[in-house]
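Following: one structure in structure tokens, then a few remarks.
The values are calculated or read from the model by the stated rules, or taken from the named source; none is laboratory data. Keep in mind that what you see is a predicted model, and the values were worked out from it rather than measured. Cβ atoms come from the backbone with ideal geometry, glycine included; neighbour counts cover every protein chain shown. Surface areas here come from the heavy atoms of the whole protein model, side chains and all, with no ligands, DNA or RNA. Shrake-Rupley method; radii C 1.70, N 1.55, O 1.52, S 1.80 Å.
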Amino acid sequence: MPCDKRRKKVSDLLEGYGRRVQYSVFECVLSSSKYEELRERLRERVKLEEDNVRFYPLSGHTLGQVETWGVGPSVTELPGSVII
């Protein structure tokens, strides 16, 4: 995201829905309605011609295959979780 002010607004928004696991990686365990809410709120802040946002949804099956190395909590939530 080229604009630091916009990047800060996006990261603040994402921290309200989940936790930061790296500088620009957030894990958010969300219900379907919260996921849609987040997407709508992100659309208001992101400039698609300049920015890049990726969503990697995990199913209950693949969530159990997530490996976490090193310090920090692991992701352990219900199926339908969404990691952003």
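Each residue in the range 1-29 was checked for being in contact with a strand residue (DSSP E or B) (Cβ under 8 Å, 6 or more places away or on another chain) and either loosely packed, with under 10 Cβ neighbours inside 10 Å or assigned to a strand (DSSP E or B) (or both), and 6 of them qualify.
If you filter the range 38-64 down to residues that are within 15 Å of residue 27 (Cβ to Cβ) and either part of a helix (DSSP H, G or I) or out of contact with any Ser or Thr (no Cβ under 9 Å at 6 or more places or on another chain) (or both), you find that the one that is most open to solvent (accessible area, probe 1.4 Å) is 54.
In the condition set (1) among the small types (Gly, Ala, Ser); (2) surrounded by 11 or more Cβ atoms within 10 Å (Cβ to Cβ); (3) in contact (Cβ under 8 Å) with a residue 24 or more places away in the chain, residue 32 is compliant with all but (2).
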